[in-house]
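S.K.: Before anything else, here's the structure in question.
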Amino acid sequence: MTALLTRRSVLRGSGALIVTFGLAPRSFAQGPALPGALKGAPRLDAWLRIGADGRVTVFTGKSELGQGIQTALIQVAAEQLDVPPGSIDLVTSDTARTPNEGYTAGSQSMQESGTAILHAAAQAREILLGVAATRLGLGAEQLRTEAGAVLAADGRRVPYGELVSDELLQTEAKPDSKLKEPASHRVIGRSLPRVDIPRKVMGQVAYVHDLRLEGMVHARVVRPPSYGAELQIVNAGPVERIPGVREVVRNGNFLAVIAEREFAAIKAMEALAASARWIEHETMPDADTFYDWLKQQPARTIRIKDQPPPGAAPARTLEAEYRRPHQMHASIGPSCAVARLDGNDLTVWTHAQGMFPLRQAIAELLKMPEERVRCIHMEGAGCYGHNGADDAAADAAFLAAAMPGVPVRVQWMRDQEHRWEPYGAGMVMSARGALDETGRIVDWEYAVWTDTHSTRPGGAGATLVGRHIENRFEPKPPQPGSQPAGLGDRNIVPPYAIPSQRLLYHFVPHQRLRVSALRGLGAYANVFATESFIDELAAAAGTDPVEFRLKHLTDPRAIDAVKLAAEKFGWGAGGPLPPGRGRGFGFARYKTLAAYCAVAVELEVDAETGAIRLIRVTASIDSGTAVNPDGIRNQIEGGILQSASWTLSEAVAFDRTRIMSYDWRSYPILRFGGIFEQVDIHVIDRPGEPFLGTGEASQGPAVAAISNALAQATSRRIRELPFTRERVRAALAV
């Protein structure tokens, strides 16, 4: 971990096919677009390296966050290169070694990086065949590849390592590749064991939290008690005299301590915090009236669709409003980073999800050239979205600059993680739908009020230290995003054939709480509202909810997903349910352009306590070519469980001044005893079809299925999340 790997050191020497660097983005004014992330890094040598020993190194700008992307990308490369997966080493996002693929976000790792590696590997295989054909005096069509070598019909065999040279693949990618036929796949489509699991279960260095560098010191930051608090006085003298304390750092409202050992840093932080005096301000809205307040704020209204209403009067019209609170990432492992300044070069090890944007933010923070900052991704203990990882990295970088030559480790405390991470924004969704005499939807109005759902770096002003130092950096103005993927308006467009639609996104740029990307962004709440309202319309039409959905779907893949989930669940079979039990269904195509997911749920409600017991869940998922079916099942199951936790218990509590959710009691999450008793995930494999992504496909359908099952179980429709015991009891009391 101590040596800086440079481009020069990697390229030095011969006898290797270098397919590694090409990091500078290129644009093409003419010709077909390159597939996936090849558009941003078009040289083949941005993605692969084949050594003289035949080992393959694959480079990706995406990060392993627990989604199993390392395994899937290795499988893609192994398939197209015809090498054993075990002969491939994968390097994930590192600003000194990998392509710049921005953020690992939006379920796009396979769509972007997977597609780039798929085509780069296929084109590398064709070049190797051409070199072997020249050497063997044969036509390339007379050769084939197998187990890391080129084979001729006469039995001659040339390993890849004997064909490579430094220059061989220093070439730009082509738009078209000779991909292997899906019927011939031996690696893609198999549930290979995840390569990242062994070191985790064996207690080896797996997370950035585990990283220990020679001479490393430990730092803790004293956070303000609330947003906008101003540090007036602090008595640092006694803290500086604590044994093991190396330095107290104060700059404006940023206050931290560096010590030789972690426990000493924690004790010093506590003493420093006790001596600090802050002025606080009421900066947040009243929690009891938050949703009304949100709808009254100045907003930028964006018309997503504006199709006029039908001429004939509908037979029946319904209206409803749904609500989603601020919710946390609530990462089990608090944010952590390690940084070291060696001369003019800064290296940061971090579990943030965008190494290159983070590098830019840190360079701006420290007024350093970007090329002198290196950010290396290491896994963190759980997060999908923008939690405190970028902030911890900036903390570590800032403190490392105060102690040159010494590795500085920063880890947040639990209350800091809860109070200072960027949350998923609160949302209000209103829906109005009209049915004709046949029970078909003829008109649909939908509106959402919410803040931005991404404030990722984004500059030094996106980091806490950047905002808290004396010469503070201003955060960039929040942006609403754009369709079709959207941010707060993600999945605002229903997947159903409805002739008349009016869809509005009321972008409220300042909700006062710190917000950013939480898994799925606005899709979780928009699918909750859309699919709950679809059930309400189905009830008004007197139609079974699954039948009602199929009646309005035209996309064959959507129909397949709904039918499969319903069939495997046994929808409509088994007769009436006992009192207190309900079944519900939810469906969405993530971002209206990615994976298809349908979820069916059975649950039970205790009328006396309001407790919800999750009995069973069945889901179908179509995310295109299934590279690793077990990995896909894991992601869908994990997404359903996370959605269940959000849906049943999670909401950020706050008063006019402070965040009141600061531990697991004040912000409860789903425990093992509350998970589904039976989980059944069915993967629809579409060999040869584009990758559609998986990780964020199930959260929306899961909350909708739980909502609809709860409505059936209680004969009450609860439209505000989460469905806590208190909220269920209150609904039953009406």
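A short reminder: the numbers here are calculations on the coordinates, not readings from a lab. Note that the structure is a prediction, hence the values are computed from the model and not measured. Every residue, glycine among them, receives a Cβ derived from its backbone with ideal geometry; neighbour counts consider all protein chains shown.
S.K.: Expressed in nm², what is the orientationally averaged projection area of the convex hull enclosing the Cα positions of the range 267-315?
M.R.: So the mean shadow area of the Cα hull is 8.9 nm².
S.K.: Turning to a different aspect of this structure: Over all directions, what mean area does the Cα convex hull of the range 599-734 project, stated in square nanometres?
M.R.: Answer in nm², one decimal: 9.8.
S.K.: Where does the chain land at 222 nm, in deg cm²/dmol rounded to the nearest 500, when only DSSP H runs of n ≥ 4 count, each adding -39500 (n - 2.57), divided by all residues?
M.R.: Rounded to the nearest 500, the figure is -8000 deg cm²/dmol.
S.K.: Also, I was wondering about something else. With charges set only on the Cβ (+1 for Lys and Arg, -1 for Asp and Glu), what does the dipole of the chain come to about its Cα centre, in debye to the nearest 20?
M.R.: Once rounded to the nearest 20, the dipole reads 520 debye.
S.K.: Give the distance, in whole Å, between the Cα centre of the range 288-334 and the Cα centre of the range 208-274.
M.R.: First find each Cα centre; the distance between them is then 42 Å.
S.K.: On alpha-carbon atoms, Rg over Rh for the range 369-429 using Kirkwood Rh?
M.R.: Rg/Rh for the range 369-429 comes to 1.05.
S.K.: Here is a further query. Looking only at Cα atoms, what is the convex hull volume of the range 182-239 per residue, in Å³?
M.R.: Spread over its residues, the Cα hull of the range 182-239 gives 230 Å³ apiece.
S.K.: For each of Trp664, Trp412, Trp571, count neighbouring Cβ atoms within 10 Å of the residue's Cβ, then give the residues from fewest to most.
M.R.: Lowest count first: Trp664, Trp571, Trp412.
S.K.: How much length, in nm to one decimal, is gained on full extension between Ala320 and Ile332, taken as 0.36 nm per residue of separation minus their Cα-Cα distance?
M.R.: Length gained, Ala320 through Ile332: 0.8 nm.
S.K.: Shifting gears a bit: Would you mind listing how long the range 7-193 runs along its three principal axes, going by Cα atoms, in whole Å with the largest first?
M.R.: Result for the range 7-193: principal-axis Cα extents of 49, 37, 35 Å.
S.K.: Over all directions, average the projected area of the Cα convex hull of the range 335-395 and note it in nm².
M.R.: 3.6
S.K.: So how far, in whole Å, is the C-alpha centre of the range 681-712 from the one of the range 548-616?
M.R.: When both Cα centres are located, 10 Å separates them.
S.K.: In whole angstrom, note down how far apart the Cα centers of the range 529-544 and the range 480-506 are.
M.R.: If you average the Cα positions of each part, the centres end up 19 Å apart.
S.K.: Rank the residues Ser698, Ser165 as a footprinting-exposure proxy: fewest other Cβ atoms within 10 Å of their Cβ go first.
M.R.: Ser165, Ser698
S.K.: FRET efficiency for Glu247 and Arg144, Cβ-Cβ distance as r, R0 = 45 Å, nearest 0.05?
M.R.: Rounded to the nearest 0.05, the efficiency is 0.10.
S.K.: What does the net charge come to around Tyr496 if you take all other residues with beta carbon closer than 11 Å to its beta carbon, with K and R at +1 and D and E at -1?
M.R.: Value of the local net charge: +2.
S.K.: What fraction of the Cα pairs in the chain, stated in percent, has a spacing above 40 angstrom?
M.R.: Value for the chain (Cα pairs over 40 Å): 37 percent.
S.K.: Taking only the C-alpha atoms, wrap a convex hull around the range 482-583 and report its volume per residue in Å³ as a whole number.
M.R.: About 164 Å³ per residue, rounded to a whole number.
S.K.: Roughly what percent of Cα-Cα pairs across the range 554-613 reach past 16 Å?
M.R.: Everything past 16 Å amounts to 54 percent.
S.K.: A further question follows. For the range 101-201, divide the Cα radius of gyration by the Kirkwood radius and give the resulting Rg/Rh value with two decimals.
M.R.: Looking at the range 101-201, the ratio lands at 1.03.
S.K.: What net charge do the residues around Glu319 carry, taking every other residue with its C-beta under 15 Å from that of Glu319, with Lys and Arg at +1 and Asp and Glu at -1?
M.R.: It works out to a net charge of +2.
S.K.: Would you kindly calculate the translational diffusion coefficient of the range 391-514, applying Stokes-Einstein with the Kirkwood radius from alpha carbon pairs, for 20 °C and a viscosity of 1.002 mPa s, and quote it in µm² s⁻¹ without decimals?
M.R.: Translational D for this selection: 121 µm²/s.
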